[in-house]
Amino acid sequence: MKVLVTGGIGYIGSHTCVELIEAGYDVVVLDNLSNSHPAIIDAIEKITSKRIPLYVGDVRDSDVLDKVFTENEIDSVIHFAALKCVPESVRMPVEYYDCNVGGTISIIKAMKKYGVTKFVFSSSATVYGADNPVPFKEDFPLSATSPYGMTKVAMERILTDTANADENWSVALLRYFNPIGAHKSGLIGDNPQGIPNNLFPYIARVAAGIYPELSVFGNDYNTPDGTGVRDYIHVVDLARGHVAALDYLETHKGAEAINLGAGHGYSVLEVLHAFEKAVGHKLPFKFMPRRAGDIDEMCAHTEKAEKLLSYKTKYGIDEMCEDGWRYTKKFYGIE
Ligand code: NAD
Ligand code: UD1
(Lines give C-alpha, C1' and ligand atoms only; values in the text may rest on other atoms or scores of the structure.)
(Ligands and ions follow the chains in the order given, each with its own letter.)
Protein backbone atom coordinates (compact mmCIF):
# COMPACT_ATOMS: atom_id res chain seq x y z
CA MET A 1 0.00 0.00 0.00
CA LYS A 2 1.58 3.25 -1.12
CA VAL A 3 0.69 6.53 0.57
CA LEU A 4 1.44 9.97 -0.83
CA VAL A 5 2.24 12.25 2.11
CA THR A 6 2.16 15.92 1.15
CA GLY A 7 4.16 18.11 3.54
CA GLY A 8 5.68 14.84 4.70
CA ILE A 9 8.94 16.27 6.00
CA GLY A 10 7.28 18.90 8.17
CA TYR A 11 6.73 18.48 11.91
CA ILE A 12 3.66 16.20 11.97
CA GLY A 13 4.34 14.74 8.51
CA SER A 14 7.81 13.43 9.42
CA HIS A 15 6.50 11.67 12.54
CA THR A 16 3.64 10.22 10.51
CA CYS A 17 6.05 8.90 7.85
CA VAL A 18 7.90 7.02 10.61
CA GLU A 19 4.69 5.47 11.98
CA LEU A 20 3.49 4.57 8.46
CA ILE A 21 6.76 2.84 7.60
CA GLU A 22 6.69 0.98 10.91
CA ALA A 23 3.12 -0.14 10.14
CA GLY A 24 4.28 -1.57 6.79
CA TYR A 25 3.17 1.18 4.39
CA ASP A 26 5.26 2.44 1.47
CA VAL A 27 5.58 6.20 1.60
CA VAL A 28 6.21 8.89 -1.02
CA VAL A 29 6.65 12.50 0.07
CA LEU A 30 5.83 15.70 -1.83
CA ASP A 31 7.07 18.87 -0.12
CA ASN A 32 8.06 22.32 -1.40
CA LEU A 33 10.57 22.84 1.46
CA SER A 34 8.88 26.12 2.43
CA ASN A 35 9.00 25.05 6.08
CA SER A 36 11.23 21.98 6.08
CA HIS A 37 14.63 20.63 5.10
CA PRO A 38 15.51 17.64 2.88
CA ALA A 39 17.82 16.34 5.65
CA ILE A 40 14.66 15.14 7.42
CA ILE A 41 14.61 12.30 4.88
CA ASP A 42 17.99 11.18 6.31
CA ALA A 43 16.63 11.39 9.84
CA ILE A 44 13.60 9.27 8.90
CA GLU A 45 16.00 6.75 7.29
CA LYS A 46 18.08 6.64 10.48
CA ILE A 47 14.98 5.87 12.53
CA THR A 48 13.32 3.37 10.19
CA SER A 49 16.23 2.08 8.03
CA LYS A 50 14.07 3.00 5.01
CA ARG A 51 14.81 5.71 2.47
CA ILE A 52 11.65 7.35 1.22
CA PRO A 53 11.41 9.12 -2.13
CA LEU A 54 11.09 12.90 -1.87
CA TYR A 55 9.55 14.95 -4.66
CA VAL A 56 10.40 18.59 -4.17
CA GLY A 57 7.50 20.62 -5.51
CA ASP A 58 4.29 22.45 -4.76
CA VAL A 59 0.93 20.73 -4.33
CA ARG A 60 -0.57 23.41 -6.55
CA ASP A 61 1.67 22.36 -9.46
CA SER A 62 -0.29 19.89 -11.60
CA ASP A 63 2.86 18.86 -13.56
CA VAL A 64 4.57 17.76 -10.33
CA LEU A 65 1.43 15.89 -9.27
CA ASP A 66 1.29 14.16 -12.69
CA LYS A 67 4.89 13.04 -12.16
CA VAL A 68 4.21 11.73 -8.64
CA PHE A 69 1.04 9.87 -9.64
CA THR A 70 2.46 8.36 -12.84
CA GLU A 71 5.73 7.24 -11.25
CA ASN A 72 4.03 5.69 -8.21
CA GLU A 73 0.97 3.55 -7.74
CA ILE A 74 -0.62 5.68 -5.03
CA ASP A 75 -3.42 4.09 -2.96
CA SER A 76 -4.16 6.99 -0.63
CA VAL A 77 -3.15 10.55 0.23
CA ILE A 78 -2.39 12.18 3.58
CA HIS A 79 -2.42 15.91 3.00
CA PHE A 80 -0.37 17.93 5.52
CA ALA A 81 1.03 20.57 3.16
CA ALA A 82 -0.28 23.96 4.25
CA LEU A 83 0.66 27.28 5.78
CA LYS A 84 -0.16 27.21 9.50
CA CYS A 85 0.69 30.45 11.28
CA VAL A 86 -2.44 32.18 12.61
CA PRO A 87 -1.11 35.78 12.91
CA GLU A 88 0.61 35.49 9.51
CA SER A 89 -2.72 34.41 8.00
CA VAL A 90 -4.28 37.65 9.27
CA ARG A 91 -1.56 39.64 7.46
CA MET A 92 -1.52 37.49 4.30
CA PRO A 93 -5.00 35.98 3.85
CA VAL A 94 -4.80 35.54 0.08
CA GLU A 95 -1.55 33.55 0.34
CA TYR A 96 -3.23 31.32 2.94
CA TYR A 97 -6.35 30.70 0.84
CA ASP A 98 -4.19 30.11 -2.21
CA CYS A 99 -1.83 27.61 -0.60
CA ASN A 100 -4.28 25.82 1.69
CA VAL A 101 -7.54 25.81 -0.26
CA GLY A 102 -5.84 25.95 -3.69
CA GLY A 103 -3.47 23.14 -2.69
CA THR A 104 -6.31 20.93 -1.50
CA ILE A 105 -8.32 21.46 -4.69
CA SER A 106 -5.22 20.69 -6.74
CA ILE A 107 -4.66 17.39 -4.90
CA ILE A 108 -8.33 16.40 -5.22
CA LYS A 109 -8.18 17.03 -8.98
CA ALA A 110 -5.07 14.88 -9.34
CA MET A 111 -6.64 12.10 -7.26
CA LYS A 112 -9.73 12.16 -9.49
CA LYS A 113 -7.53 11.99 -12.58
CA TYR A 114 -5.62 8.97 -11.27
CA GLY A 115 -8.54 7.21 -9.57
CA VAL A 116 -7.34 7.59 -5.98
CA THR A 117 -10.23 7.99 -3.52
CA LYS A 118 -8.81 7.73 0.03
CA PHE A 119 -7.90 11.02 1.66
CA VAL A 120 -6.69 11.86 5.18
CA PHE A 121 -6.86 15.58 5.87
CA SER A 122 -5.05 17.69 8.49
CA SER A 123 -7.77 19.76 10.06
CA SER A 124 -7.56 21.59 13.36
CA ALA A 125 -9.48 22.21 16.57
CA THR A 126 -9.49 25.82 15.41
CA VAL A 127 -12.63 24.93 13.35
CA TYR A 128 -14.64 24.88 16.61
CA GLY A 129 -14.24 28.67 16.82
CA ALA A 130 -14.66 30.63 20.04
CA ASP A 131 -18.24 29.88 21.09
CA ASN A 132 -18.56 26.13 21.70
CA PRO A 133 -18.50 24.56 25.19
CA VAL A 134 -15.70 22.10 26.06
CA PRO A 135 -15.14 19.27 25.35
CA PHE A 136 -15.56 19.91 21.60
CA LYS A 137 -17.66 17.29 19.82
CA GLU A 138 -17.40 16.56 16.12
CA ASP A 139 -21.00 17.57 15.39
CA PHE A 140 -20.65 21.06 16.94
CA PRO A 141 -21.16 24.05 14.59
CA LEU A 142 -17.97 25.21 12.90
CA SER A 143 -16.58 28.72 12.70
CA ALA A 144 -13.20 30.39 12.65
CA THR A 145 -11.59 33.48 14.07
CA SER A 146 -8.72 33.76 11.57
CA PRO A 147 -8.12 33.30 7.84
CA TYR A 148 -6.04 30.19 8.74
CA GLY A 149 -9.02 28.71 10.59
CA MET A 150 -11.35 29.66 7.76
CA THR A 151 -9.16 27.76 5.27
CA LYS A 152 -9.61 24.63 7.43
CA VAL A 153 -13.41 25.12 7.57
CA ALA A 154 -13.47 25.62 3.78
CA MET A 155 -11.28 22.58 3.06
CA GLU A 156 -13.39 20.35 5.31
CA ARG A 157 -16.44 21.47 3.33
CA ILE A 158 -14.81 20.91 -0.07
CA LEU A 159 -13.72 17.41 0.94
CA THR A 160 -17.14 16.55 2.41
CA ASP A 161 -18.85 17.74 -0.78
CA THR A 162 -16.37 15.69 -2.84
CA ALA A 163 -17.17 12.55 -0.85
CA ASN A 164 -20.91 13.27 -1.08
CA ALA A 165 -20.64 13.62 -4.86
CA ASP A 166 -18.76 10.35 -5.41
CA GLU A 167 -19.63 7.28 -3.37
CA ASN A 168 -16.17 5.79 -3.96
CA TRP A 169 -14.49 8.47 -1.87
CA SER A 170 -13.42 7.97 1.76
CA VAL A 171 -12.22 11.00 3.70
CA ALA A 172 -11.01 11.38 7.28
CA LEU A 173 -11.04 15.00 8.48
CA LEU A 174 -8.69 14.75 11.45
CA ARG A 175 -9.10 17.66 13.84
CA TYR A 176 -5.84 17.98 15.71
CA PHE A 177 -5.71 19.56 19.12
CA ASN A 178 -2.25 20.79 20.26
CA PRO A 179 0.57 18.52 19.06
CA ILE A 180 3.80 18.85 21.04
CA GLY A 181 6.87 16.73 21.83
CA ALA A 182 9.12 14.83 19.48
CA HIS A 183 10.21 11.35 18.41
CA LYS A 184 12.09 9.42 21.11
CA SER A 185 15.21 9.30 18.92
CA GLY A 186 15.56 13.10 19.24
CA LEU A 187 16.17 13.15 15.47
CA ILE A 188 12.91 14.81 14.41
CA GLY A 189 10.78 17.38 16.20
CA ASP A 190 9.31 20.86 15.97
CA ASN A 191 11.72 23.59 15.05
CA PRO A 192 9.79 26.64 13.84
CA GLN A 193 11.65 29.30 11.87
CA GLY A 194 11.88 32.65 13.70
CA ILE A 195 10.26 33.34 17.05
CA PRO A 196 7.76 30.57 17.86
CA ASN A 197 4.11 31.57 18.18
CA ASN A 198 3.23 28.41 20.02
CA LEU A 199 3.80 27.70 23.68
CA PHE A 200 5.82 24.49 23.62
CA PRO A 201 8.65 25.48 21.24
CA TYR A 202 8.91 28.78 23.09
CA ILE A 203 9.34 27.04 26.46
CA ALA A 204 11.91 24.72 24.86
CA ARG A 205 13.95 27.72 23.72
CA VAL A 206 13.77 29.31 27.17
CA ALA A 207 15.08 26.02 28.57
CA ALA A 208 17.85 26.04 25.95
CA GLY A 209 18.84 29.56 26.99
CA ILE A 210 17.88 31.13 23.65
CA TYR A 211 15.21 33.37 25.22
CA PRO A 212 15.40 34.78 28.77
CA GLU A 213 11.86 33.99 29.90
CA LEU A 214 8.42 32.78 28.88
CA SER A 215 5.63 35.34 28.52
CA VAL A 216 2.45 33.77 29.88
CA PHE A 217 -0.38 35.38 27.94
CA GLY A 218 -3.12 36.07 30.49
CA ASN A 219 -3.69 34.88 34.07
CA ASP A 220 -7.34 35.86 34.38
CA TYR A 221 -8.95 33.15 32.26
CA ASN A 222 -11.84 31.13 33.62
CA THR A 223 -9.56 28.15 34.41
CA PRO A 224 -8.26 26.67 37.70
CA ASP A 225 -5.02 28.69 37.71
CA GLY A 226 -6.16 31.52 35.43
CA THR A 227 -3.91 30.55 32.49
CA GLY A 228 -5.21 29.11 29.20
CA VAL A 229 -5.99 25.40 29.05
CA ARG A 230 -5.31 23.30 25.92
CA ASP A 231 -5.51 19.62 25.01
CA TYR A 232 -1.87 18.71 24.29
CA ILE A 233 -1.21 15.53 22.35
CA HIS A 234 2.16 13.85 21.83
CA VAL A 235 3.08 14.19 18.15
CA VAL A 236 3.81 10.44 17.95
CA ASP A 237 0.28 9.74 19.22
CA LEU A 238 -1.04 12.15 16.62
CA ALA A 239 0.98 10.33 13.94
CA ARG A 240 -0.45 6.97 15.11
CA GLY A 241 -3.91 8.47 14.59
CA HIS A 242 -3.15 8.80 10.86
CA VAL A 243 -2.27 5.12 10.55
CA ALA A 244 -5.53 4.26 12.35
CA ALA A 245 -7.44 6.58 10.00
CA LEU A 246 -5.95 4.96 6.89
CA ASP A 247 -6.96 1.53 8.19
CA TYR A 248 -10.48 2.86 8.80
CA LEU A 249 -10.75 4.25 5.26
CA GLU A 250 -10.09 0.78 3.84
CA THR A 251 -13.59 -0.27 4.83
CA HIS A 252 -15.60 2.95 5.16
CA LYS A 253 -16.89 5.38 2.54
CA GLY A 254 -17.94 9.02 2.92
CA ALA A 255 -16.38 11.82 4.97
CA GLU A 256 -15.94 11.70 8.75
CA ALA A 257 -14.60 14.42 11.03
CA ILE A 258 -12.65 12.92 13.94
CA ASN A 259 -10.95 14.69 16.84
CA LEU A 260 -7.40 13.70 17.69
CA GLY A 261 -6.66 14.91 21.19
CA ALA A 262 -5.88 13.42 24.58
CA GLY A 263 -9.25 14.47 26.01
CA HIS A 264 -7.51 16.17 28.92
CA GLY A 265 -6.43 19.79 29.22
CA TYR A 266 -3.34 21.38 30.81
CA SER A 267 -2.85 25.03 31.68
CA VAL A 268 0.13 27.09 30.51
CA LEU A 269 1.63 26.90 34.01
CA GLU A 270 1.11 23.12 34.17
CA VAL A 271 2.96 22.67 30.87
CA LEU A 272 5.73 24.96 32.08
CA HIS A 273 6.08 22.98 35.32
CA ALA A 274 6.10 19.64 33.46
CA PHE A 275 8.87 20.99 31.22
CA GLU A 276 10.81 22.16 34.30
CA LYS A 277 10.60 18.58 35.59
CA ALA A 278 12.13 17.28 32.34
CA VAL A 279 14.90 19.91 32.40
CA GLY A 280 15.56 19.52 36.14
CA HIS A 281 15.28 23.17 37.17
CA LYS A 282 12.91 26.15 37.28
CA LEU A 283 12.32 28.24 34.16
CA PRO A 284 11.70 32.00 34.30
CA PHE A 285 8.33 33.43 33.25
CA LYS A 286 6.30 36.59 33.53
CA PHE A 287 2.59 37.27 33.19
CA MET A 288 1.58 39.38 30.20
CA PRO A 289 -1.81 40.55 28.88
CA ARG A 290 -4.00 38.06 27.01
CA ARG A 291 -3.12 37.32 23.39
CA ALA A 292 -5.81 38.50 20.95
CA GLY A 293 -8.09 35.69 19.78
CA ASP A 294 -7.23 33.23 22.60
CA ILE A 295 -9.99 31.44 24.49
CA ASP A 296 -10.09 30.00 28.03
CA GLU A 297 -10.03 26.35 27.20
CA MET A 298 -9.93 23.82 24.36
CA CYS A 299 -10.41 20.12 24.89
CA ALA A 300 -11.36 17.21 22.65
CA HIS A 301 -14.28 14.88 23.05
CA THR A 302 -12.47 11.62 22.20
CA GLU A 303 -15.24 9.03 21.98
CA LYS A 304 -15.55 9.11 18.19
CA ALA A 305 -11.85 8.38 17.67
CA GLU A 306 -12.09 5.56 20.22
CA LYS A 307 -15.16 4.10 18.54
CA LEU A 308 -14.31 4.48 14.84
CA LEU A 309 -10.53 4.15 14.94
CA SER A 310 -10.06 2.10 18.15
CA TYR A 311 -7.71 4.93 19.01
CA LYS A 312 -6.44 6.11 22.36
CA THR A 313 -3.39 8.24 23.11
CA LYS A 314 -0.48 6.49 24.86
CA TYR A 315 1.79 9.28 26.04
CA GLY A 316 1.22 11.78 28.86
CA ILE A 317 2.51 15.28 29.51
CA ASP A 318 5.76 14.06 31.13
CA GLU A 319 6.76 12.11 28.01
CA MET A 320 5.76 15.04 25.79
CA CYS A 321 8.17 17.26 27.74
CA GLU A 322 10.99 14.69 28.09
CA ASP A 323 10.91 13.89 24.36
CA GLY A 324 10.62 17.56 23.38
CA TRP A 325 13.56 18.43 25.62
CA ARG A 326 15.69 15.56 24.23
CA TYR A 327 15.09 16.87 20.70
CA THR A 328 15.87 20.46 21.73
CA LYS A 329 19.12 19.45 23.45
CA LYS A 330 20.22 17.47 20.41
CA PHE A 331 19.29 20.29 18.07
CA TYR A 332 21.24 22.95 20.00
CA GLY A 333 24.07 20.58 20.98
CA ILE A 334 23.32 20.89 24.72
CA GLU A 335 24.90 18.18 26.94
P1 NAD B 1 4.83 22.13 9.04
O2 NAD B 1 4.94 23.52 8.52
O3 NAD B 1 5.92 21.63 9.90
O4 NAD B 1 4.62 21.11 7.83
C5 NAD B 1 3.98 21.48 6.63
C6 NAD B 1 4.86 20.97 5.49
O7 NAD B 1 4.22 21.28 4.26
C8 NAD B 1 6.24 21.64 5.46
O9 NAD B 1 7.22 20.64 5.29
C10 NAD B 1 6.18 22.58 4.25
O11 NAD B 1 7.44 22.73 3.64
C12 NAD B 1 5.16 21.86 3.37
N13 NAD B 1 4.37 22.73 2.48
C14 NAD B 1 3.72 23.89 2.81
N15 NAD B 1 3.07 24.36 1.74
C16 NAD B 1 3.29 23.50 0.71
C17 NAD B 1 2.89 23.44 -0.65
N18 NAD B 1 2.11 24.39 -1.18
N19 NAD B 1 3.30 22.40 -1.40
C20 NAD B 1 4.10 21.44 -0.88
N21 NAD B 1 4.53 21.44 0.39
C22 NAD B 1 4.12 22.46 1.19
O23 NAD B 1 3.42 22.04 9.79
P24 NAD B 1 2.86 20.90 10.74
O25 NAD B 1 2.83 21.44 12.12
O26 NAD B 1 3.52 19.62 10.47
O27 NAD B 1 1.36 20.87 10.23
C28 NAD B 1 0.92 19.95 9.26
C29 NAD B 1 -0.56 20.16 8.99
O30 NAD B 1 -1.27 20.04 10.22
C31 NAD B 1 -0.91 21.54 8.46
O32 NAD B 1 -1.96 21.37 7.51
C33 NAD B 1 -1.41 22.30 9.65
O34 NAD B 1 -2.32 23.31 9.30
C35 NAD B 1 -2.09 21.19 10.42
N36 NAD B 1 -2.19 21.46 11.87
C37 NAD B 1 -1.05 21.67 12.59
C38 NAD B 1 -1.15 21.92 13.95
C39 NAD B 1 0.09 22.17 14.78
O40 NAD B 1 -0.05 22.58 15.94
N41 NAD B 1 1.29 21.93 14.30
C42 NAD B 1 -2.41 21.94 14.58
C43 NAD B 1 -3.54 21.72 13.81
C44 NAD B 1 -3.42 21.45 12.44
C1 UD1 C 1 -2.65 28.04 18.18
C2 UD1 C 1 -3.54 28.59 17.10
C3 UD1 C 1 -4.39 27.45 16.52
C4 UD1 C 1 -3.48 26.33 16.02
C5 UD1 C 1 -2.59 25.88 17.18
C6 UD1 C 1 -1.62 24.83 16.79
C7 UD1 C 1 -3.96 30.92 17.72
C8 UD1 C 1 -4.97 31.90 18.23
N9 UD1 C 1 -4.39 29.64 17.65
O10 UD1 C 1 -3.47 27.46 19.16
O11 UD1 C 1 -5.19 27.93 15.46
O12 UD1 C 1 -4.26 25.25 15.55
O13 UD1 C 1 -1.85 27.00 17.67
O14 UD1 C 1 -0.71 25.31 15.84
O15 UD1 C 1 -2.85 31.27 17.38
N16 UD1 C 1 0.91 30.92 25.30
C17 UD1 C 1 1.64 31.67 26.21
N18 UD1 C 1 2.86 32.13 25.84
C19 UD1 C 1 3.40 31.91 24.59
C20 UD1 C 1 2.64 31.14 23.66
C21 UD1 C 1 1.40 30.67 24.04
O22 UD1 C 1 1.20 31.89 27.33
O23 UD1 C 1 4.51 32.37 24.31
C24 UD1 C 1 -0.39 30.37 25.71
C25 UD1 C 1 -1.56 30.77 24.84
O26 UD1 C 1 -2.13 31.96 25.29
C27 UD1 C 1 -2.48 29.55 25.01
C28 UD1 C 1 -1.52 28.37 25.21
O29 UD1 C 1 -0.28 28.96 25.61
O30 UD1 C 1 -3.26 29.68 26.18
C31 UD1 C 1 -1.29 27.55 23.95
O32 UD1 C 1 -0.91 28.44 22.89
P33 UD1 C 1 -0.42 27.91 21.46
O34 UD1 C 1 0.64 26.91 21.65
O35 UD1 C 1 -0.11 29.09 20.62
O36 UD1 C 1 -1.68 27.12 20.89
P37 UD1 C 1 -3.19 27.62 20.68
O38 UD1 C 1 -3.36 29.03 21.02
O39 UD1 C 1 -4.07 26.63 21.36
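Relative contact order for the chain: 19 percent, from Cα pairs under 8 Å spaced at least 6 residues apart, divided by residue count.
Any chance you could give the angle, 0 to 90 degrees and rounded to 10, that helix 317-332 forms with the longest Cα principal axis of the chain? Long axis of 317-332 versus the principal axis of the chain: about 90 degrees. Summarising the label geometry, the points placed 7 Å from Cα in the beta-carbon direction at residue 213 and residue 56 lie 4.3 nm from one another.
Highest-first packing order for the peptide set 292-301, 34-43 is 292-301, 34-43, based on the mean count of other beta carbon atoms within 10 Å. Take the Cα of residue 252, step 7 Å toward its Cβ, do the same at residue 22, and the gap between the two points is 2.3 nm. Name all residues of region 19-36 having a backbone nitrogen under 20 Å from the label point set 7 Å from the Cα of residue 63 along its Cα→Cβ direction, giving them as ranges. Residues 30-34 fall inside that zone. The distance from the alpha carbon centre of region 262-280 to that of region 209-245 is 8 Å, rounded to a whole number. In region 224-335, taking the dipole from charged Cβ atoms about the Cα centre, the farthest positive-side position among 255, 266, 283 is held by 283. Normalised size of the chain, defined as Cα radius of gyration per 2.2 N^0.38 Å with N residues, equals 0.95.
If packing is taken as the mean number of other Cβ atoms within 10 Å per residue, what is the order of 78-88, 109-119, highest first?
78-88, 109-119
Magnitude of the charge dipole for region 8-167, about its Cα centre and with charges confined to Cβ atoms of Lys, Arg (+1) and Asp, Glu (-1), is about 220 debye. Here the chain has 51 percent of its accessible surface on carbon and sulfur atoms, given a 1.4 Å probe and all protein chains in place.
The modelled label-to-label distance for the pair residue 46/residue 273, using points 7 Å beyond Cα in the direction of Cβ, is 3.5 nm. Take the Cα of residue 281, step 7 Å along the line toward its Cβ, and report every residue of region 185-207 whose backbone nitrogen sits under 16 Å from that point. Counting only backbone N, you get 204-207.
Basic side chains Lys and Arg get +1 at the Cβ, acidic Asp and Glu get -1 at the Cβ, and with that the dipole of the chain about its Cα centre reaches some 380 debye. The Cβ shell under 15 Å around residue 295 holds other residues with a net charge of -3, Lys and Arg each +1, Asp and Glu each -1.
Eigenvalues of the alpha-carbon gyration tensor of region 111-196, scaled by 5 and square-rooted, set the equivalent ellipsoid semi-axes at 26, 21, 13 angstrom, largest first. Here region 24-48 and region 79-121 have alpha carbon centers that stand 19 Å from each other. Our coupling estimate for region 13-28, obtained by passing each phi through the Karplus curve with A = 6.51, B = -1.76, C = 1.60 and θ = phi - 60°, is x, 5, 5, 5, 4, 4, 5, 5, 4, 5, 8, x, 7, 8, 10, 10 Hz, Gly and Pro reported as x. Think of the chain as a dipole: +1 on every Lys or Arg Cβ, -1 on every Asp or Glu Cβ, centred on the Cα centre; then among 325, 227, 53, 325 lies furthest on the positive end.
Highest mean packing first, where packing is the average number of other Cβ atoms within 10 Å per residue, the peptides 134-144, 201-211 line up as 201-211, 134-144.
Among the listed pairs 286/330; 253/307; 253/312, give every one whose C-alpha distance is greater than 25 Å. Distance filter (> 25 Å) returns 286/330. Note that region 184-189 has calculated 3J(HN,Hα) couplings of 4, 5, x, 8, 10, x Hz, one per residue in order, obtained from phi through the Karplus relation 6.51 cos²θ - 1.76 cosθ + 1.60 (θ = phi - 60°); glycine and proline are x.
With protein chains left intact and a 1.4 Å probe, residues in region 1-129 average 40 Å² of accessible area per residue. When you restrict to C-alpha pairs under 8 Å that are six or more residues apart and normalise by the size of region 63-175, the relative contact order lands at 32 percent. Close amide H contacts of residue 183 (hydrogens built in the peptide plane, cut-off under 5 Å, sequence separation of 5 or more or a different chain): 188. For region 34-112, a simple Cβ point-charge model (Lys and Arg +1, Asp and Glu -1, everything else neutral) yields a dipole of about 200 debye relative to the Cα centre.
The values are calculated or read from the model by the stated rules, or taken from the named source; none is laboratory data. Please read these numbers as outputs of a predicted model, since none were measured by experiment. Because the Cβ atoms are built from the backbone with ideal geometry, glycine has one as well, and the counts that use them run over all protein chains shown. Note: accessible area is taken over every heavy atom of the protein model, side chains too, but ligands, DNA and RNA are not part of it. Shrake-Rupley method; radii C 1.70, N 1.55, O 1.52, S 1.80 Å.
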